Amino acid sequence: MKASDLFIKALEAEGVEYIFGIPGEENLDMLDSLKNSRIKLILTRHEQAAGFMAATYGRLTGKAGVCLSTLGPGATNFVTAAAYAQLGGMPMLMITGQKPIKSSKQGQFQIVDIVDMMKPITKYTHQISSGHNIPSRVREAFRLAQSERPGAVHLELPEDIAAEETDAHVIQKSQFRRPVAEFKVIQQAIDLIHKAKKPLILIGAGANRKQSSKMLLEFIDKSGIPFFSTQMGKGVVDGRHPLFLGNAALSANDFLHRAIQDADLIINVGHDVIEKPPFFMSQDGFKVIHINYLNASIDPVYFPQISIIGDIANSVYQLKESVQKQEHWDFSCFKNVRKHIEKSVLEGADDNRFPVYPQKLVQDVRKVMPEDGIIALDNGVYKIWFARNYKSYQPNTVLLDNALATMGAGLPSAMAAKMVHPDRRVMAICGDGGFMMNSQELETAVRLKLDIVVLILNDNAYGMIKWKQANMGFDNFGLDLGNPDFVKYADSYGAYGHRIESSDALIPLIHDCYEKKGVHLIEVPVDYSENDRILNNEIKEKSKLI
Ligand SMILES: Cc1ncc(C[n+]2csc(CCOP(=O)(O)OP(=O)(O)O)c2C)c(N)n1
Ligand SMILES: [Mg+2]
């Protein structure tokens, strides 16, 4: 068999549905092999977007998303997406081409050492130097990408290797179960939980990776211990639960941190330090029980006393079996904090000013999205408002990146989410800055006939950095930009462009867009004038009074 045919067969054996990317001449054997495969090639307009799509596919399915590029410039375009998958814990395989390695007449033209370049941003990077090794290398790449902690892997397939003949056979996936925690450590944890006066549960990104919602809900209901979530842990347990305190959108000085400071034990389910810390540990502060697939990485702000290592759902199940409500537990402060947060997240929901108030926008989006609707956020200051104020009802319905926190992933991740969940409403929410970093993918979305709505929050600036600039006492300088006419821009791609002229217009327009189907882009002028006052000052002052 031709080596590139075997490569595609190996991908099929892994259950691959799509390959996102842009082939170059070094991938032409592979492309030809793909012709007869059930795997669909999804051509994008930039490799970075293909990488974001593959990573999001992996994030939502647990199976590595696959993307393809040529050597040199195509492969270097994958770098940000690789880091996005690696830091975000999203399984993703990049396949890149290369000039022939046995003999080549092109000197060093376009040659970059891609395998070496990928080292710091992948779990595994390898050049395939013989057709014979394809089955084992592909299997190993998938195994590593998909095992905890999931991340990015890379295989380079040189042109001459792709074209050679091989008699190797595909290696089938092996069956395995995730290891589970030992009962002794569960008992130590239960002792600590029972002795604590004010235990508090934190739900982080790891709890969103596999199914752990059911067990967590049972643990929370049986123990009655209140909980909060990190930005990437949103939705694991319904945000409408009466014991849900809120979301750690800011790292410090929000209302929620009053509860965290009051706690003497945090039961951390699935957070690791790669996601922006929701709190900082100190020597004389609360204790932490770390529950995750892997042991905790120690950091100046994170040094848990007990680690329960193994399948999260099983660990939580074991805890649930043994936990008993304790008379001496005192949740009065947490309950008080919850009251303040519940009020605070709705503040501004009825503020009809135009340009639109971000707090109102968040609640409007909540109103139009069904329980299982997915919002995919790019990175900008609005991410804080959504993380803090938007209640998520189901796992993985808020796709945001608080690990690499890159701009540019909002639109591609929404597109991949719609491909994985064609029956759900999906919305991309981007700033004018982040949207323009991958706006060319509007063409891909139109070509794929995806039904998505893209909100562009327009402040004609890199607003997030303006907000930080103000927070740090710097003058307002260097962050304003100009924009295309977004309505015409969308129309020129064959998408539908809209601009709202009043705050009230947003909800009916979004419903219309979903009914009409197709790719809709809505420009929403936003009023960020109070970000600094509220996020940097008011919340801090008010939280001191709780
Ligand atoms: C690729 C990348 N470049 C730069 C940054 C730093 N950064 C974070 S948010 C931001 C501004 C975002 O602007 P915009 O998308 O317009 O959103 P806004 O905050 O204005 O709502 C910048 C420059 C980043 N996170 N990622
Ligand atoms: Mg902006």
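The values are calculated or read from the model by the stated rules, or taken from the named source; none is laboratory data. This is a predicted model, so every value here is computed, not measured. Counting neighbours? That spans all protein chains shown, and the Cβs are built from the backbone with ideal geometry, glycine included. All accessible areas refer to the heavy atoms of the entire protein, side chains included, with ligands and DNA or RNA removed. Shrake-Rupley method; radii C 1.70, N 1.55, O 1.52, S 1.80 Å.
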Antiparallel %, DSSP beta bridges [both residues in the chain], to 5: 5
5 Å-binned pair-distance histogram of the range 421-468 (Cα, whole percent): 5, 19, 24, 22, 14, 9, 6, 2
Mean Cβ count within 10 Å, highest first, over the residues of peptides 61-74, 138-151, 104-117: 61-74, 138-151, 104-117
The range 360-453 - accessible surface per residue (Å², probe 1.4 Å): 23
Packing-based ranking, highest mean first, of 218-230, 449-461, 238-250 given that Cβ atoms within 10 Å are counted: 449-461, 218-230, 238-250
Peptide ranges 425-432, 387-394 listed from the most packed, as the mean C-beta count within 10 angstrom indicates: 425-432, 387-394
Farthest toward positive dipole pole in the range 450-546 [+1 Lys/Arg, -1 Asp/Glu at C-beta], among A505, L479, L535: L535
Label point distance in nm, Q211-K195, each placed 7 Å from Cα along Cα→Cβ: 3.7
Dipole of the chain [Lys/Arg +1, Asp/Glu -1 at C-beta], most positive-end residue of Y302, L87, G131: Y302
Heavy-atom surface of the range 185-278, accessible at 1.4 Å and reported per residue (Å²): 30
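Taking 10 °C and 1.306 mPa s as the conditions, I'd like the Stokes-Einstein D for the chain in µm²/s, using the Kirkwood hydrodynamic radius from alpha carbon pairs.
It diffuses with D of about 65 µm²/s by this estimate.
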Carbon/sulfur fraction of accessible area - the chain, other protein chains in place, 1.4 Å, %: 52
Eligible lysines near K195 by straight Cα distance, threshold 19 Å, same-chain separation 8 or greater: K184, K222, K287, K320, K325
For the range 57-202, projected area of the alpha-carbon convex hull averaged over all directions, nm²: 11.9
Reach of K102 by Cα under 29 Å, taken over lysines that are not fewer than 8 positions away in the same chain: K2, K9, K35, K119, K123
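Report the Rg/Rh value for the range 70-133, based on alpha-carbon coordinates and the Kirkwood definition of Rh. Mind showing how you got there, number by number?
Details: Rg = 12.8 Å, Rh = 12.8 Å.
We get a ratio of 1.00 for the range 70-133.
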